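Some notes on the structure that comes next.
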Amino acid sequence: MKLLVIGGGGREHALAWKLKQSPRIHKVFVAPGNAGTALEDGLENLPITTIPDLAEFAKNESIIFTVVGPEAPLAAGIVDTFRSVGLKIFGPTKQATQLEASKDYSKAFMQRHGIPTAAYASFADPAEAHKYLNKKGAPIVIKADGLAAGKGVKVAMTLSSAHAAVDSMLIDNSMGVAGARILIEEFLEGEEVSFIVMADGHHVLPLATSQDHKRLRDGDQGPNTGGMGAYSPASIITSELHTRIISEVIQPVMRGMAQEGQHYTGFLYAGLMIAQDGNINVLEYNCRMGDPEAQPIMLRLKSDLSILVEHAINGTLEKVEAEWDRRTALGVVMAAHGYPEMPRRGDIIYGLSELLSMKTLGEDFHIFQAGTMMGGKDDKEIVTIGGRVLCVTTLGDNVKIAQHRAYEIADKIRFDGCQMRCDIGYLATSF
Ligand code: AMP
Ligand code: GLY
């Protein structure tokens, strides 16, 4: 059986690596993939990027099913196209992807369906936005409406930085069309968690919980990024909170989408803020697996992912359960110089090839690659080509052990300008 994974980041490396572990699967194509997926046994990179060409490839190669990693092809309608020619694919439709692709749509959806989220207003006119800011005061949050790869949110601690963010998005077009409309949202305090499920249109299968680290620097300082590291499980999610999240945050999406004629299929990711008093608020929905959350989650998954996805595509998710490694998994992202604003490309990565060839080093880790390609001398070296470069992901009996191991391995890898947080998992180790 052959499968296709769409995307080329660390999340897709993790998904493809896990799918390939199934004894039923002999090849997983990754389009376009990266140096990590190029080097992995049983994975093959595919230099195809347009949706019609991907569909033609899937037909010609008798691909059993396709799994979509990133939001861009989902928002462009890859699921609709594949289904229209009878191909099996796991992901939401173009219309359902609006839940992530437009924050304005998403917030209105949450309000229609009684889902707890921060109060907000949306603006295309800067003067109106400034007036609203002056009324509300700081701290306050400014968000670009459209897709901005995790970089379209400004958490403004002062009114002047809030006004500046409004001008930057609405007047200077710093986010392009994604920022032509903005949301101004009430500032929420608490602890963030990522709650991700697989959905088949009717049923959901919750995956292990996780916690991301969005800010660039230690202690949650610096600009927002796509995520600098993650671990699973998130200890803050008690079984009582788990039940409430399913009923207050996940089921309303399934019901609401069905009522609106869009049975939701695919990964559904709720970014949540859990307040100290246990109040749950949805910060955002994503219509895909998280990155880097996928890396620790896949390292902990013991079940055959290809079987779970097959059930999801066939609408029978209620028949399966996912089995998880009891240990903690923790992933540390190594990012390029200049990330997130202007990541530099072309730095040679040292130490990685040696680690990849040392099979005896242990089964308690995997180095998932993201912005990498084969290059340098004779195309034998691994070089950086994007913002987030690697995610060193480890398993340990507790967060501290997994963390120690991840940094021990990351310290063996070097490239010029590497940015790495040194405190991934700190919320779970600091008590
Ligand atoms: P989003 O893309 O909406 O998830 O926002 C990115 C990040 O900005 C989140 O992960 C939070 O760290 C932060 N953030 C977003 N909305 C709020 C809010 N209302 N209050 C506080 N922080 C927020
Ligand atoms: N790690 C956050 C995201 O995938 O959106």
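What the table below lists for this structure:
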| read-out | value |
| --- | --- |
| Residue check, residue 210 over 27 Å from residue 165 (Cα atoms) and within 15 Å of ligand 1 (Cβ to nearest atom) | yes |
| Residues (farther than 17 Å from residue 89 by Cα and either among the basic types (Lys, Arg) or surrounded by 24 or more Cβ atoms within 10 Å (Cβ to Cβ) (or both)) located in the stretch 19-41 | 24, 33, 34, 35, 36, 37 |
| Residue in the stretch 229-249 that is out of contact with any helix residue (DSSP H, G or I) (no Cβ under 7 Å at 6 or more places or on another chain) and within 13 Å of residue 294 (Cβ to Cβ) present | yes |
| Qualifying residues in the stretch 78-95 (those that are in a loop (DSSP other than H, G, I, E, B) and open to solvent by less than 50 Å² (accessible area, probe 1.4 Å)) - the one farthest from residue 19 (Cα to Cα) | 93 |
| Residue, nearest to ligand 2 (Cβ to nearest atom), within the stretch 262-315, restricted to residues that are in a loop (DSSP other than H, G, I, E, B), within 17 Å of residue 329 (Cα to Cα) and open to solvent by 10 Å² or more (accessible area, probe 1.4 Å) | 291 |
| Which numbered condition residue 7 misses (of (1) surrounded by fewer than 24 Cβ atoms within 10 Å (Cβ to Cβ); (2) within 17 Å of the chain's Cα centre (by Cα); (3) of a type outside the set (D, E, K, R)) | (1) |
| Identity of the residue in the stretch 344-401, at pLDDT 95 or above and among the acidic types (Asp, Glu), that ends up least open to solvent (accessible area, probe 1.4 Å) | 347 |
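To keep it simple, each residue is scored yes or no on (1) open to solvent by less than 40 Å² (accessible area, probe 1.4 Å); (2) within 16 Å of ligand 2 (Cβ to nearest atom); (3) modelled with pLDDT of 95 or more; (4) within 30 Å of residue 314 (Cα to Cα).
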position	(1), (2), (3), (4)
126	yes, no, no, no
133	yes, no, no, no
137	yes, no, no, no
140	yes, no, yes, no
152	yes, yes, no, no
172	no, no, no, no
177	no, no, no, no
180	no, no, no, no
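Here's the yes/no breakdown for (1) near ligand 1 (Cβ under 10 Å from one of its atoms); (2) more than 21 Å from the chain's Cα centre (by Cα); (3) in a loop (DSSP other than H, G, I, E, B):
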{"site": "170", "(1), (2), (3)": "no, yes, no"}
{"site": "173", "(1), (2), (3)": "no, yes, yes"}
{"site": "183", "(1), (2), (3)": "yes, yes, no"}
{"site": "192", "(1), (2), (3)": "yes, no, no"}
{"site": "196", "(1), (2), (3)": "no, no, no"}
{"site": "202", "(1), (2), (3)": "no, yes, yes"}
{"site": "216", "(1), (2), (3)": "no, no, no"}
{"site": "231", "(1), (2), (3)": "no, no, no"}
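The values are calculated or read from the model by the stated rules, or taken from the named source; none is laboratory data. Keep in mind the model is a prediction, meaning the values are calculated, not measured. Glycine also receives a Cβ, built like all others from the backbone with ideal geometry; neighbour counts cover every protein chain displayed. Side chains included, ligands, DNA and RNA excluded: accessible areas come from the protein's heavy atoms. Shrake-Rupley method; radii C 1.70, N 1.55, O 1.52, S 1.80 Å.
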